[in-house]
Every structure is written in structure tokens, then in C-alpha cells.
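Each remark here refers to the structure printed beneath this line.
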Amino acid sequence: MRDVAASQVRLRWACALAVAFAAFLLYLPSLWSGFVYDAEIQIASDSYIHTPAHFADILTLRVLGQDVLDRDRPAHLLSLMLDALVWGRNPFGYHLTSNLLHAANVALLFLLLVRLGAREGRSAAEWKVLLAAALGALLFAAHPALTEPVAEVSDREDLLATFFILLGLTLADGFPGRHAFLRGGACVLALFLAAASKETGYMGPPLLALYGWLYHRDSRRRPWIALVGAAFLVVGTLAVARFALEPTVSKIFTHKPGYIGGSLGGTLLIQPRIWTFLLANVAWPLHLAADYRPQNLAWITLPGALATLAFFVGAQACFAWKSRLALLGVAIFWLGLAPVSNFIPLFQPIGDRFLYLPITGLAATLCAALLLVSRRAWLFAGLSATCACAWIFFGVLAFQRQAVFANPLALWSDTVEKSPASMTAFNGLGYALSDAGRYDEALRAFGRALGGSRDYADAWAGAAITLDRMGRVTDAEST
């Protein structure tokens, strides 16, 4: 029996490495991409992460009170600083770290799905559990909506938050067991680092509580209560510190974001349309963009959004009623979306990167669905084949989309095509065209950016720089 168990463990790890390697190969082209979007400022231009003295500020959390980009995401800053020690301003190393993190997330998700799938209480053969977990993990690995956080290194916080949540759940699986104090402490630390990476990481403690209730309700209660309580306490303390230490005046963020729709009530009327838009991008990811505007939602009405969400939630509820794994997947999906759903105002209300953690929840639900039909050979085979085809389709799109994040000109050219109402996109395109020596086109792009707001100072500055490069010094000074 020991030999059988050992061989089973080896097979699971071999499969985990295989799906992780597939994910890494898929994103191999991005290793030769440059810095785009916020990475141009945070890594290529700004000196903060390149100053070793700032390690002390991050490790002691003093950075929470400093006027620094991503001050409230110290784990993210720490990862960038570690890269900066090795790679300086060479983008290759930063992309390598992000690719490895994504591959690690795929492996952790696969191992979690295998372990929990085997506990569903049904007599599915081991190979079916492995196949179901692999298909779920690979769809997460290859979904093109996740290209943004993988290929744009300043969005690494989504990868980090997901990594530490998955790691925390993995560590909790053997709790209390042997070395309970060390395992529990490592679990709490992982969830703390998830919250220190991005707002979605604050959902770690609720997910841990649900995980314990679903899969460890027969374990000793006191250790689990202590573990979950410690996670809530540590992560909650970080949340309080994040807001309490916020600088009163910021040179980076000259104004605070407001509610979309002007109020919380207005947000509640718009947010269902945003959720529906994100679901559409999950199901049919052919119109992804780096920046979305309200005009991108024009085709979605509120009644249509509510009907779509009712159908989607109803389908989730049906699976959750029959499967603990599906219930966990539903919780991951919605809890992953909650912190980025504009109930607390965000600077950018919509983003593909918001789907990184939620799609792991969809992967869990998919795995559960495959296991639910595993006794019907024809249905299991048909659904598995459909998933395999989807993986190929998504993989091709993800492979192609990496080129969008290769350089600023490619990024903003794609964005203005997909989101023509975005002033940010036209402003970014103006700078990229100006750097490429295409000055007349750059001025037209800046003009489009200023067409949305004459107070867009960055676009005026870009136009002045471009005019100066053209030798039109007088025009540049008067701009």
C-alpha cells in the first residue's frame, strides 16, 4: 500500500510540473518584452525599488505611510526590489519572475484540485481526477484575459496574491497534524503576504474559514478556530494600518477616486454591467483591452446584466449544491471579485487583471463538474474534449496577445482600437509615437486625448515635448 501511495504522489507531482511547464512555455515570448504602462514609471524611471535602503521601509511596513507608488502593496514592492537587486532595469528578469510565478500558481492550483477532487466522495478513478484537475488548471494557465497580469510586470500583484492564497490553503490542508504550530504560522504568514500583495488577498481568511468548514469539520475545532482567528487578526491589522497610515497629501495621487455613477447607489446600478462585461470577456475573449471606458459597456443594459448574472449564479448554485469543490470555486470567484468591484472606489473600475484569482475559482468549478459526470463515460469524454478544445483556442489567443504587451507602441495601438474612448490610451500612444519619431501622428494622438478633457496636463506636456523634438520651439513653449 505504501508503494502505491508513493507512486500516486509521484504521479501527481509529475503532472503538476507538466502543467506548470506548459504554462511557462506558453508565456515564453513575453520574456523578451519591454516595460509598458506603470512598469515604465515604477521600474524603468523611478529609483525607489532600485534603492536597497528601502528594504527596511518595506520589511517594517513604514512604506504604508510613505508617498510611494503601491505603498499599500509592500509584498509586491518587495518582489520588485528583489528583482532589481539582480536585474537592475533589464526587463528580462522581471518577466522571468512573473512567468515563474504564473507557472507556480498553475502547479499549486492543480495539486489543490487533485487533492480536493479525490475527496468528493465519488468513486472516480485516479486518472479521471488527474485529467479533471489538469483541464481546470490548464484553462486557468492559458486564458487570454490573464495575459495582462502575466505579461505586464507592474501587475504582478495579482499573481502574488493568488500564489499566497493557494499556498495558504495548501499549508492548511495538513493542519493541525505534525508541526501544527509551524504549519499554522506559515499559513497565516502566507495569507498576510497575499493581503500585502493586493486587495484581493484580503479574501484569504474568509476562504480559509470556508475551506476548514468544508474539508476539516471533523478535525479538532480549537486549533482551527485559533488558525482562522489568527488569520483574520493579522490581515485585519494590515487593513487598518493601510488606511490609518495613508499620507494626507500625495504628489503621486493628486486626487482620490470617486464612486462610478457619483455615489454608492450609482455604483450598485453600474457594477452588474461591469460583472457581465467581465463574464463576457471570460467566455469570448476577443476584444480585450488594457484600458476600458464606460463606452465599452454601452451594449449591456441593466436588465440584461441582471438576467445574465441570475443565470450564471443559478448555474453556480446548482454545482455548489452537489459538490464541495464547486462551492469553494464559487466562493473564490466572487470573493476574488469583491475587493475590485468598486464598492470602495477604484482609480480604474474595470480591468482584465481583476479576473486572475476569480478564474482559479472557475477552474475549481469546472473540475467539480467533470467529476460529477465521471460515471457517465460518454459525458465525461465529451466534456473533457470540449475543455481541451477550449484550452487550444484560449492558448492561441494568449500566445498572440503577448505581442500587445511587448512595447508601448504595440500596447496603446491595440488599446485605442479596442477602447477608442480612452484618453489614457491616446495619451500613451502619443508618447510612444513621439519616441518612435512619428511626430505628426503623435500630435494627432495627443489631440484625441485632449478632446476628452482640455485639462489633461500629461497630454499637453507630451504635445510640447513632441513639438520641441520637431524643432518647433516657439509652439512648444506656448503649448
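The values are calculated or read from the model by the stated rules, or taken from the named source; none is laboratory data. Being a predicted model, the structure only gives us computed values, none of them experimental. Neighbour counts run over all protein chains shown; Cβ positions are idealised from the backbone, glycine included. For accessibility, only protein heavy atoms count, side chains too; no ligands or nucleic acids. Shrake-Rupley method; radii C 1.70, N 1.55, O 1.52, S 1.80 Å.
Taking into account only those residues within region 237-280 that are among the basic types (K, R) and within 23 Å of the chain's Cα centre (by Cα), which is surrounded by the most Cβ atoms within 10 Å (Cβ to Cβ)?
Here the residue is R273.
When both residues are 6+ apart or on different chains and their Cβ atoms are under 7 Å apart, which pairs have a first residue that lies in region 274-298 and is in contact (Cβ under 8 Å) with a residue 40 or more places away in the chain, and a second that is acidic (D, E) and open to solvent by less than 10 Å² (accessible area, probe 1.4 Å)?
Between residues of region 274-298 that are in contact (Cβ under 8 Å) with a residue 40 or more places away in the chain and residues that are acidic (D, E) and open to solvent by less than 10 Å² (accessible area, probe 1.4 Å), the close pairs are N281/D352; L288/D352; A290/E148.
Can you tell me how many residues in region 191-211 are assigned to a helix (DSSP H, G or I) and either under 15 Å from P74 (Cβ atoms) or open to solvent by 10 Å² or more (accessible area, probe 1.4 Å) (or both)?
Going through region 191-211 one residue at a time, the tally reaches 12.
What number of residues in region 1-40 are open to solvent by 20 Å² or more (accessible area, probe 1.4 Å), closer than 30 Å to N427 by Cβ and either of a type in the set (V, I, T) or in a loop (DSSP other than H, G, I, E, B) (or both)?
So the answer is 3.
Report, ordered by the first and then the second residue, all pairs with beta carbons closer than 7 Å, sequence separation of six or more or different chains, a first member in region 52-66 that is at positive phi, and a second member that is open to solvent by less than 40 Å² (accessible area, probe 1.4 Å).
Qualifying pairs under 7 Å: L61/P74; L61/A241.
Which members of region 436-457 meet the condition of being in a helix (DSSP H, G or I), of a type in the set (D, E) and out of contact with any helix residue (DSSP H, G or I) (no Cβ under 6 Å at 6 or more places or on another chain)?
D440
For L288, are the conditions met, namely being part of a helix (DSSP H, G or I) and touching a Leu at 6+ places or on another chain (Cβ under 9 Å)?
No, not satisfied.
Which of (1) touching a residue at least 24 places away in the same chain (Cβ under 8 Å); (2) over 19 Å from the mean Cα position of the chain (by Cα); (3) part of a helix (DSSP H, G or I) is the odd one out, the single condition G93 does not satisfy?
For G93, the failing item is (1).
Taking only region 386-412 into account, find how many residues are farther than 20 Å from F24 by Cα and open to solvent by 50 Å² or more (accessible area, probe 1.4 Å).
Number of matching residues: 2.
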